Amino acid sequence: MPSSSVDPSEIAHFAKDSARWWDASGPFAPLHRLNPVRLGWVRDQAIQHFGRDSKSMTSLAGLTVMDVGCGGGLVAEPLARMGATTLGLDADAVAIEAATAHAAGHDLNLTYRVGSVEAEPADTYDLVTALEVVEHTTDPTAFVIACARTVRPGGLLLLSTLNRTAKSFALGIVAAERVLRWVPAGTHDWKKFVKPAELARACRAAGLDVVDTTGLVFDPLAGAFKRSATDLSVNYFLAATKPTA
């Protein structure tokens, strides 16, 4: 395993815009648009796995959570608002500054740190999330194994990424970057997209059991993202658990 799966060129690409993480109409606008759907999936997976009250506003209270590649905190901060003791981890110091500033004064059980997941202690967190991160690493399998190592036995790893298909190239690269300009050009490298079978294989190599795969699709009529039980052709989620023995 490499000492770090962080890709410096990827960090440099995002860092130039990191001060604008919380600008809903800025360079990270697509993440703001899909955030309600991915947070809903994360919450549902955690509630189901840990047997929590789905009606509670603090359904994650008592859980320790690490959001790897947290960026400006679009996922880490809401997880803390759900009651979790949360660490947001990112190699981009500018993003961590933006995340820390946004959370300041809100009295959340939330900490941010600059670093890589490989340096985190093993068997520490109940829940580890890495959303839209796998495709930006130097070695997806090594990254997944590193994330899995930090999950405590009985815990949960939640991932999301882009599938490597002709459709994802058309929508994720050509449409999103070159035509619609939803994200800055060069944000994604289609060759680094990860097929669901490849991600599942990496999870199994890390000793995890895959328990869910769900698609994330854009509904042009509604102008919003939604989950799909069958369409994993572009974006998708994957949940995996660490056995207790």
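The values are calculated or read from the model by the stated rules, or taken from the named source; none is laboratory data. Owing to the predicted nature of the structure, the values given are computational and were not obtained by experimental measurement. Every residue, glycine among them, receives a Cβ derived from its backbone with ideal geometry; neighbour counts consider all protein chains shown. Accessible surface is based on the protein model in full, side chains and every heavy atom, while ligands, DNA and RNA are left aside. Shrake-Rupley method; radii C 1.70, N 1.55, O 1.52, S 1.80 Å.
For the reader, a short list of remarks on this structure follows.
- Hey, Leu110 open to solvent by less than 10 Å² (accessible area, probe 1.4 Å) and touching a helix residue (DSSP H, G or I) at 6+ places or on another chain (Cβ under 8 Å) or not: no
- Here Arg52 passes the criteria (1) open to solvent by less than 20 Å² (accessible area, probe 1.4 Å); (2) of a type outside the set (Ser, Thr, Tyr); (3) closer than 25 Å to Arg149 by Cβ; (4) touching a helix residue (DSSP H, G or I) at 6+ places or on another chain (Cβ under 8 Å) except the one numbered (1).
- Conditions (1) open to solvent by less than 30 Å² (accessible area, probe 1.4 Å); (2) under 21 Å from Arg201 (Cα atoms); (3) at pLDDT 95 or above; number of the one not met by His136: (3)
- Residue in the stretch 182-200 that is least open to solvent (accessible area, probe 1.4 Å), counting only those that are out of contact with any helix residue (DSSP H, G or I) (no Cβ under 8 Å at 6 or more places or on another chain) and at pLDDT 95 or above: Ala200
- Those strands (runs of 3 or more DSSP E) of the stretch 35-139 in which 2 or more residues are out of contact with any Leu (no Cβ under 9 Å at 6 or more places or on another chain) occupy 85-90.
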